[in-house]
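The values are calculated or read from the model by the stated rules, or taken from the named source; none is laboratory data. These numbers come from a predicted model, not from an experiment. Cβ coordinates were reconstructed from backbone atoms using ideal geometry, including for glycine residues, and neighbour counts include every protein chain displayed. Only protein heavy atoms, including side chains, enter the accessible area calculation; ligands, DNA and RNA are left aside. Shrake-Rupley method; radii C 1.70, N 1.55, O 1.52, S 1.80 Å.
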Amino acid sequence: LTSGRILAIETSCDDTCAAVIDGGEVRSNVISSQAASHARYGGVVPEVASRHHLELINPVVEAALAQAGTELGDVEAVAVTRGPGLIGALLVGLATAKSLAAGARKSLIGVDHLHGHVAANFLAPEPLDPPFVCLIASGGHTLLAGVREHGGFDTLGETLDDAAGEALDKGARLLGLSYPGGPAIERLAEDGDPHAFELPVAMARHPGLDFSFSGLKTALLYAVRGLGDGELESRRADLAASYQAAVVEQLVAKLARALAAGEWNAVALGGGVAANGLLRERVAALCAERELELKLVSPELCTDNAAMIASASRFVEAAEFPDYLGWDVAA
Ligand code: KG4
Ligand code: ZN
């Protein structure tokens, strides 16, 4: 396993990311967000994402090396996200990582994107060691990871339809808000009443640890349709607050259920939705009540980034040149 300096690349969705770590210390963590390019479409357009990655990846890698004060020749290995994600987007990162590693005769480490979100918690300062439960909620994924070792995790439950962030993005669109929807809904919700509208929390239909958000989205659609044009404007904040509360309630309820048996003593959050203030507050209250340790990494380590991929790669076997040249993405 690799314990030295690692250059990592992450391009699974719409952020072009490169980072350098030394052991568990982050030396640089460069993230070039394409959110502005996708905003007018209300969501990520795969084809647009791939082309942006192509333009951005080389400058982003150079910035990551420069900010870390290092060069490709001085890294022990290159790490890269192989999946899951958008195929075209992943391909740009993988092709870049293979070329860099091969050119410098470095080893290459293929990383699972979700293992990366889990491994964000293994970075300094105050790394969290397994066992713990990690709630990962982003635009592409929503799952409960049971982490018993650094090298992997068990999926305790996951979404059966939309991801939590996707639900927020689609909900924001229904409310006429900008993309990404999560932060827009959170801002508007500050002026609203979370109890104003009764929206389903999807507990009854899905009694296990899996999530479902599509019914909630439909309920919001009907609530919006039920209001007149003039009325929507005056109730928008109440709708945002009620919708955000319903999304957060489901995340917290399933997390609480995963913790109910008392097997776990620590909790972590990951993914873009983990930046949500209400979710953080509610999970903190849950952990305080059950006397569990709570790990909240910084927002840059919650959303997609390459430092988390580098972190995970420390616990995955590296492939030597030229064994990785035939690797394909694992979308
Ligand atoms: O992890 P991420 O940056 O990218 C992936 O989807 O993998 O997550 C982006 C998602 C978007 O759906 C966005 O609306 C949501 O995270 N998000 C938030 C907040 N900030 C970002 N959701 C709720 N509250 C926030 N403050
Ligand atoms: Zn992600």
At 7 Å along the Cα-to-beta-carbon direction for both Leu227 and Asp193, put a label point, then send me their distance in nm to one decimal.
1.3
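Quick check on the chain: helices-only [θ] at 222 nm, where DSSP H runs of length 4 and up contribute -39,500 (n - 2.57) each and the sum goes over total residues. Nearest 500, please.
-13000 deg cm²/dmol
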Between helix 229-259 and the chain, what is the angle of the helix's C-alpha long axis to the longest principal axis, kept within 0 to 90° and rounded to the nearest 10?
60
Distance in nm between Arg290 and Ser234 label points, each 7 Å along Cα→Cβ, equals 4.3
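If I take every Cα pair under 8 Å that is 6 or more residues apart in the chain, average their sequence separation and divide by the length, what percent do I get for the relative contact order?
Relative CO of the chain lands at 25 percent.
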Taking the 0 to 90 degree range and rounding to the nearest ten, how far is the long axis of helix 46-67 tilted relative to the main principal axis of the chain, both from C-alpha atoms?
50
Please tell me the relative contact order of segment 71-117 in percent, rounded to the nearest whole number, where contacts are Cα pairs under 8 Å and at least six residues apart.
52
To the nearest 10 degrees, the tilt of helix 277-290 (Cα long axis) against the first principal axis of the alpha carbons of the chain is 90
Counting every Cα pair in the chain, what percent are over 29 Å apart?
38
Can you work out the accessible area per residue across the chain, with the rest of the protein chains kept in place, probe 1.4 Å, in square angstrom?
41
How much of the accessible area of segment 131-267, probe 1.4 Å, is carbon plus sulfur, in whole percent?
49
Give me the Å³ per residue figure for the convex hull around the C-alpha atoms of segment 177-295.
108
Return the percentage of antiparallel bridges among DSSP beta bridges fully within the chain, rounded to the nearest 5 %.
60
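Count the net charge of all other residues whose Cβ sits under 15 Å from the Cβ of Ala66, scoring Lys and Arg as +1 and Asp and Glu as -1.
-1
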Quote the relative contact order of segment 269-331 in percent (integer), defining contacts as alpha-carbon pairs under 8 Å separated by 6+ residues.
38
Descending Cα extents along the principal axes, segment 74-201, whole Å:
60, 34, 30
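When Lys and Arg each count +1 and Asp and Glu each count -1, what net charge do the other residues less than 13 Å away from Val111, Cβ to Cβ, add up to?
Taking every other residue near Val111 into account, the sum is -2.
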Looking only at lysines whose Cα falls under 23 Å of Lys254's and that sit 8 or more positions away or on another chain, we get Lys170, Lys217, Lys295
With x for Gly and Pro, the residue-by-residue ³J(HN,Hα) of segment 93-107, computed from phi through the Karplus equation 6.51 cos²θ - 1.76 cosθ + 1.60 at θ = phi - 60° and given in whole Hz, is x, 5, 4, 5, 5, 4, 5, 4, 5, 5, x, 9, 6, 9, 7
